[in-house]
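In what follows, a structure is listed as structure tokens, so that the remarks can point back to it.
The values are calculated or read from the model by the stated rules, or taken from the named source; none is laboratory data. The structure displayed is predicted, hence computed values, not measured ones. Neighbour counts are summed over all protein chains in view; Cβ atoms, including those assigned to glycine, are modelled from backbone coordinates with ideal geometry.
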């Protein structure tokens, strides 16, 4: 059902938890399934220096939150804004159609974080 990579992100989440001294924090929820993703970022010199997350939701949403932090951290803001749902799906070795909302939630939250 889930890929080994997705399960690894779920069981061993990267960059999980709140961040002290974050430059920006946002939270997004999916009103259909009820999943909630919250991101904290430290923005320095036009780069996403550090990104952490907390998620309340399904296995796929938690795994996509973890994968997103690895995809975006270290990138310029423009590079991070260019991350797509396909990038997040690839980072967890794919999602079943019923779980694609997880990648959408991750990308929507990142875009909200990087506004402005």
Looking at this structure, is residue 70 more than 20 Å from residue 95 (Cβ to Cβ), in contact (Cβ under 8 Å) with a residue 24 or more places away in the chain and surrounded by fewer than 16 Cβ atoms within 10 Å (Cβ to Cβ)? no
Give just the number: which of (1) surrounded by fewer than 24 Cβ atoms within 10 Å (Cβ to Cβ); (2) under 21 Å from residue 18 (Cα atoms) does residue 79 not satisfy? (2)
For region 2-20, state whether one or more residues are modelled with pLDDT of 95 or more, touching a strand residue (DSSP E or B) at 6+ places or on another chain (Cβ under 6 Å) and part of a helix (DSSP H, G or I). no
Scanning region 82-98 for residues that are without any contact (Cβ under 8 Å) to a residue 60 or more places away in the chain and crowded, with 18+ Cβ neighbours inside 10 Å, the one nearest to residue 30 (Cα to Cα) turns out to be 85
When you scan region 68-116 for helices (runs of 4 or more DSSP H) that lie fully inside it, which ones turn up with 3 or more residues that are more than 12 Å from the chain's Cα centre (by Cα)? 77-81
Determine whether residue 64 is closer than 16 Å to residue 11 by Cα and crowded, with 22+ Cβ neighbours inside 10 Å. yes
Among (1) within 21 Å of residue 18 (Cβ to Cβ); (2) not in a helix (DSSP H, G or I), residue 65 falls short only on (2)
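Condition check ((1) surrounded by fewer than 17 Cβ atoms within 10 Å (Cβ to Cβ); (2) without any contact (Cβ under 8 Å) to a residue 60 or more places away in the chain; (3) touching a helix residue (DSSP H, G or I) at 6+ places or on another chain (Cβ under 8 Å); (4) farther than 17 Å from residue 75 by Cα) across all residues:
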{"position": "9", "(1), (2), (3), (4)": "no, no, yes, yes"}
{"position": "13", "(1), (2), (3), (4)": "no, yes, yes, yes"}
{"position": "17", "(1), (2), (3), (4)": "yes, yes, no, yes"}
{"position": "20", "(1), (2), (3), (4)": "yes, yes, no, yes"}
{"position": "26", "(1), (2), (3), (4)": "no, no, yes, yes"}
{"position": "31", "(1), (2), (3), (4)": "yes, yes, no, yes"}
{"position": "35", "(1), (2), (3), (4)": "no, no, yes, yes"}
{"position": "40", "(1), (2), (3), (4)": "no, yes, no, no"}
{"position": "44", "(1), (2), (3), (4)": "yes, yes, no, no"}
